[in-house]
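In what follows, a structure is listed as structure tokens, so that the remarks can point back to it.
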Amino acid sequence: DVKVTQSSRYLVKRTGEKVFLECVQDMDHENMFWYRQDPGLGLRLIYFSYDVKMKEKGDIPEGYSVSREKKERFSLILESASTNQTSMYLCASSGIAGGPIQQETQYFGPGTRLLVL
Amino acid sequence: RKEVEQDPGPFNVPEGATVAFNCTYSNSASQSFFWYRQDCRKEPKLLMSVYSSGNEDGRFTAQLNRASQYISLLIRDSKLSDSATYLCVVNKWAGNMLTFGGGTRLMVKP
């Protein structure tokens, strides 16, 4: 089974703090994604990466950056947390390890609920 | 217009009922379609892929209508454990990126 883990389930930070969210997958997947999920807005893509050291902006990258130094690890960074970044953050991965038909299937981590005060 | 639109619900149905959800998508170039299930305060998990010919997995049947750009999910003989939010998912034109609908909430009552 694919396993995607995230470093924290719950996190409370103060406005202006730098926040690191870590995600690790064990399926040797090429693609990794960071989403945030808010009531009424659904899942929105922040950033994604299709290879080590590669990154692409998603739909809402403002206020975020990412790092992918190793294939299995994808980090989301909030440079200066703000209250409007309070949300559920979900990491996902996908890749050809699942076969050509399944390569688009994304597998999610359990999520990190971030509260910025 | 949203890229993937779903009725948010909630759909309240009794156990044993049959319930159907529809979803429409705007990108006619989309090639891959999925239904994900998300339990309260949990992560989304793949329920089933949706194939052009339609497909069935136990009590769940998914259909795709490319001409009208909509996808459906039919759940027969609803169980209490089917209570969840069902997300309609469509791939973007750019490879492995997916677009998620806002979800349809289902509540199955005893």
- Note on the structure: Of the listed residues (B:THR104, B:THR99), the one being at the interface with chain A (Cβ under 9 Å from one of its Cβ atoms), surrounded by 15 or more Cβ atoms within 10 Å (Cβ to Cβ) and in contact (Cβ under 8 Å) with a residue 12 or more places away in the chain is B:THR99
- Task: Can you give me the number of residues within the range B:8-22 that are assigned to a strand (DSSP E or B) and among the polar types (S, T, N, Q)?
- Result: 2
- Just a yes or no: is a residue in the range A:85-95 more than 10 Å from chain B (Cβ to nearest Cβ), open to solvent by 70 Å² or more (accessible area, probe 1.4 Å) and in a loop (DSSP other than H, G, I, E, B)? no
- Of those in the range B:68-82 that are farther than 29 Å from A:ILE96 by Cα and more than 13 Å from the chain's Cα centre (by Cα), the residue least open to solvent (accessible area, probe 1.4 Å) is B:SER78
- Tally the residues that are open to solvent by 20 Å² or more (accessible area, probe 1.4 Å) and either over 21 Å from A:GLU104 (Cα atoms) or outside any strand (DSSP E or B) (or both), restricting the search to the range A:1-37. 21
- Task: Among what's in the range A:39-54 and is crowded, with 18+ Cβ neighbours inside 10 Å and not aromatic (Phe, Trp, Tyr), pick the residue that is farthest from the other protein chains (Cβ to nearest Cβ).
- Result: A:ILE46
- away from chain A (no Cβ under 14 Å) and open to solvent by 60 Å² or more (accessible area, probe 1.4 Å): does that describe B:SER28? yes
- Name the pairs: first residue in the range B:51-63 and open to solvent by 80 Å² or more (accessible area, probe 1.4 Å), second residue hydroxyl-bearing (Ser, Thr, Tyr) and outside any loop (DSSP other than H, G, I, E, B), Cβ to Cβ under 9 Å, at least 6 apart or on different chains? B:GLN63/B:TYR70; B:GLN63/B:SER72
- Give me the pairs: first residue in the range B:15-36 and in contact (Cβ under 8 Å) with a residue 12 or more places away in the chain and among the aliphatic types (A, V, I, L, M), second residue open to solvent by 50 Å² or more (accessible area, probe 1.4 Å) and part of a strand (DSSP E or B), beta-carbon distance under 8 Å, and six or more apart or on different chains, which are they? B:VAL19/B:PHE11; B:VAL19/B:LEU74; B:ALA20/B:LEU74
- Item | Odd one out for A:PHE20, checked against (1) of a type in the set (A, V, I, L, M, F, W, C); (2) under 17 Å from B:LYS42 (Cα atoms); (3) touching a residue at least 40 places away in the same chain (Cβ under 8 Å) | (2)
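The values are calculated or read from the model by the stated rules, or taken from the named source; none is laboratory data. The structure displayed is predicted, hence computed values, not measured ones. Neighbour counts run over all protein chains shown; Cβ positions are idealised from the backbone, glycine included. The accessibility values were calculated without ligands, DNA or RNA, using every heavy atom of the protein model including side chains. Shrake-Rupley method; radii C 1.70, N 1.55, O 1.52, S 1.80 Å.
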